[in-house]
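Bear in mind that the values in this text are calculations on the coordinates, not laboratory data. Quantities reported herein were computed from a predicted structural model and do not represent experimental measurements. Counting neighbours? That spans all protein chains shown, and the Cβs are built from the backbone with ideal geometry, glycine included.
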Amino acid sequence: LFRSKIVIDEIGRIDGLIKDLLSVSSKEAVPGINELDITVLIDETLEHTKGKLELERRKINVEKIYKNVKINALGDSKKLKQAFINVISNGCQAMEENGILTVNIVPNGQNVDVTITDTGKGISFQDIARIFEPFFTTKAMGVGLGLAISKKIIEDHGGSIKAESKLSKGTTFTISLPMQNQNTHLDTDEHR
């Protein structure tokens, strides 16, 4: 019975890897375009992250420093959520216990910038130039597809992603996506 579970888990892992490979090599445009609120999408992604951290019994603090800002965009919410989960998971994996993951959302002209900052070990200057390449990883058990897939999803949505890092200090990813319109509603209450 135990061996059967291992085999099933490994088949699931291989299936996921094949789907990731197909995703990163696909030339398809974004299939499921709909109107979405970036703030709601990030809130849902962070709730998912907090739940996963609790299941793994990891003590990582997740801080939202953005206010309740309604920012409309067009896109595939499932794919965008996958992109954000990949980036956030990398940040969480880079940190020890009591690390802090900080997320901010800032309208920036016709775009919205989502910054994700961790207090992890950082990325070397040599590695940061390659982190979005398929199969590049510094993790012992990593495959090196998460950030490559995220980059493709974000670029398919007309956006961009960049990373800045300092060794032993942490890393900041900035994901910039086009807003549907420039009418954003700011609420004065902190959204924590």
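Pairs from the list LYS79/LYS139; LYS70/LYS169; LYS79/LYS166; LYS139/LYS169 with a Cα-Cα gap above 22 Å: LYS79/LYS139; LYS70/LYS169; LYS79/LYS166. On full extension, the segment bounded by ILE100 and GLU63 gains 12.6 nm, given 0.36 nm per residue less the C-alpha separation. Take the Cα of PHE135, go 7 Å toward its beta carbon, and none of the backbone nitrogen atoms of the stretch 156-174 fall under 17 Å from that spot. Extension gain, GLU155 to GLN126, is 8.1 nm, computed as 0.36 nm per intervening residue step minus the present C-alpha separation.
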